[in-house]
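All remarks here apply to the structure that follows.
The values are calculated or read from the model by the stated rules, or taken from the named source; none is laboratory data. Everything quoted here is computed from the prediction, not taken from an experiment. Here the Cβ positions follow ideal geometry from the backbone for every residue, glycine too, while neighbour counts run over all protein chains shown.
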Amino acid sequence: MTELRPETRTVHLPQPPLNGSRPIAVPLYQTSGFAFDDPAVFADGMNRPDGAFVYGRLSNPTVRALEEAVAGLEGGAGAVATGSGMGAINSVLLCLLQPGDHLIAQKAIYGGTAAMINDLVARFGIEVTYVPEDDPEALRAAVRPSTKLVYLETIANPVTQVADLPGMCAAAREAGLVSVVDNTFASPVLCRPIEHGADVVVHSTTKYLSGHADVLGGIAVFAGDELYRKVWKYATYLGATADPFAAWLTLRGIQTLPLRMERHCANARELATRLDAHPAVSAVHWPGLPSHPSYALAGKLLPDFGGVFSFDLVGGRAAGERFMSSVRVALLAPSLGGVETLILHPATTSHKSLTAEELARHGIGEGTVRVAVGIEHVEDLWADFAQALS
C-alpha cells in the first residue's frame, strides 16, 4: 500500500489472513501463547520478529498488526510495540548504548527522556552533549570517536521547538551515527522522520495514535531491517512488550488519526493566536506563530504545526496557578493527544526531574503552562480560557 496517503492507510489496516476472507476490524488475540504441531516452526518463531506467533512477550497477531500499521505510516522496515512510550525509548537507548559511549541530544527534550539520559550518565558513564535542535554544525562539532547516537524530537516538549531533521540526520549519517527521533507531537500525519534520514522513530502511542486517553503504549519504528531485529531481540529480553488489548485499542484510534489531527491543529492555531494578543500573556510558544523561532523551519518541514503549545503569563508562577485552577472545560491533567483539552505546569509535572538550570535550557519558566488542545468547539475552549485569564 505504499502508494496510498496516510488518510487512507489509517482506515485500511493490515489484517491477519483467514480461509478465503478477512475481518473488517483487526481481531483481539487475548492469549499469552500459541500451540504448535511442528517443533521446527515453534523454534523458528522464538528467534525472529516475523516468524510464527509463539509467546506474548515475543509476538502476537494484534500487536503485530499495530507494528505493521505504524511502520507503514512512517515508511519503516519494521516496528517494535512496547507497553509505554518510555518503554520504546528505553528499549532503543539501552540496546544501542554501552558504558562509556557518547550521546548527542537536542537541548529541549521531554522530561522523562532527560531523566533517563541523566540516569545513563550516572550509572553507566554514558557521556552526553546537548546541542540546538536546528544546528547541524553544532552536531558535527560535538562528534567524538565514542559518539554512537543522536536524539531529537520533531516538535519539542513543551516549548515546541522544531528540529531541522534533514540537516541533523544528514550530519549524523556523515559521522556514522544512529539518529533517533521522537515523533509523538507531530504524528505520522504531520511528519515522517525516516523520509528526512532518521534511522529510528519513537512514539508514545498513548498520545495521538490512540487518541482517546484510554491506552498506555509506545512504539519504535526502524528504517532498516538489521536495527529492527537487534532492538526487537533486546526489547523481548527487557520485557517491554505491548499488551494486545492496548494494541487493539490503539488500532481503533489510528483509523481517525488524520481527522483528529486536523481539528487539534485548527483549534491550537485559534487559541494560540488569541492568547498571543491577550494582555495577560507575555509569550506563546507554538511554531505556527511568526514570533516562534522555529516558524520558518516548521513551515518547510510540516504541513501544520501540531496541537500542543505553551504560554507564559504576566505574573509568572502565581498567575499560572490561578489560571490552571480556574479553567472549567479544559482539564488539569497529564498527557496529551486525546480528544479532551488538557493543561499542566511543566516545571512541576512533565519536567519535574530537571534542575532550574536544565529547565532554563529547555525554555521552561516557572509560569509556563502547557496546553494539549483537544477537539472540542474552539469557541467553548476560548470562553473557558478567557474567563480563567480574567
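Taking the residues in region 196-217 that are of a type outside the set (Gly, Ala, Ser) and touching a His at 6+ places or on another chain (Cβ under 9 Å) as candidates, determine which candidate is surrounded by the fewest Cβ atoms within 10 Å (Cβ to Cβ).
Here is the first cut: in region 196-217, the residues of a type outside the set (Gly, Ala, Ser) are 196, 199-203, 205-209, 212, 214-216.
Subset that is touching a His at 6+ places or on another chain (Cβ under 9 Å): 208-209.
Values: TYR208: 29, LEU209: 27.
Looking at residues that are of a type outside the set (Gly, Ala, Ser) and touching a His at 6+ places or on another chain (Cβ under 9 Å), I get LEU209.
What residue, of VAL80, VAL54, is of a type in the set (A, V, I, L, M) and crowded, with 21+ Cβ neighbours inside 10 Å? Spell out how you get there, then give the answer.
Details: VAL54 fails: crowded, with 21+ Cβ neighbours inside 10 Å.
Of the residues listed, the single one that is of a type in the set (A, V, I, L, M) and crowded, with 21+ Cβ neighbours inside 10 Å is VAL80.
Take residues that are of a type in the set (Ser, Thr, Tyr) and tell me which of the helices (runs of 4 or more DSSP H) falling wholly in region 155-265 contain 1 or more.
Working: elements: 165-174, 187-190, 225-238, 244-254.
Where helices (runs of 4 or more DSSP H) fall fully within region 155-265 and carry at least 1 residues being of a type in the set (Ser, Thr, Tyr), they are 187-190, 225-238, 244-254.
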Quick check on my filter: what residues within region 92-147 are part of a helix (DSSP H, G or I), in contact (Cβ under 8 Å) with a residue 12 or more places away in the chain and more than 22 Å from LEU165 (Cα to Cα)?
LEU94, CYS95, ALA115, MET116, ASN118, LEU120, PHE124
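Within region 100-145, how many residues turn out to be among the hydroxyl-bearing types (Ser, Thr, Tyr), surrounded by fewer than 20 Cβ atoms within 10 Å (Cβ to Cβ) and closer than 21 Å to GLY218 by Cα?
0
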Criterion (assigned by TED's automatic domain parsing to the domain that holds ALA65 and under 22 Å from ILE155 (Cα atoms)) met by exactly one of ALA223, ALA247, ALA266
ALA223
Scanning region 360-390 residue by residue, those surrounded by fewer than 21 Cβ atoms within 10 Å (Cβ to Cβ), under 17 Å from ALA268 (Cβ atoms) and touching a Gly at 6+ places or on another chain (Cβ under 8 Å) turn out to be none
